[in-house]
Amino acid sequence: MEDKNKKSVDQFIDNTLGLVEAYLKLFRLEMTIGLAQAITMILLALTIGSLFAFVSFFASISFAYFLTSWLEITLSFSFLIIAGFYIILLILVFRSQRIIRKFIFSVIEKVINHKND
């Protein structure tokens, strides 16, 4: 009888350890998938940001040449106008950091909650 109880306890311990190992493997797999998704989103954001920067750069140069001919001003003055626009945009972004941060956190929270559903 005691031998039978010992076998049952040993089997219970083995089953419990197997279950814990399975949960750990599942947790590692979920963490790996989450990390892969995060890296993918970061790389995608960097790619889109880089492409937007190139487009913005060349559009700014084109607009500076357009301003030169349209307003009949020097090329350097039209570049200063474009630079002034970017300075104003930088000030606006800098002053609204808190709002932008809250927006980004809310988007990330929605993505995480959507993933968990």
Cα-based Lys proximity count in the range 2-116, under 29 Å, for pairs eight or more positions apart or on separate chains: 6
For an R0 of 30 angstrom, estimate the FRET efficiency from the Cβ-Cβ distance between S60 and E109 and round to the nearest 0.05. 0.30
Read through the labelled values (1) 21, 18, 13; (2) 63, 15, 8; (3) 36, 16, 10 and report the label of the one computed as semi-axes √(5λ) of the Cα gyration tensor in Å from the structure. (2)
Rounded to the nearest 0.05, FRET efficiency between T40 and R101 (Cβ-Cβ, R0 35 Å) equals 0.95
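No value in this document is a laboratory result; all are computed from the given coordinates. Everything quoted here is computed from the prediction, not taken from an experiment. Glycine gets a Cβ as well: all are built from the backbone with ideal geometry, and neighbour counts include every protein chain shown.
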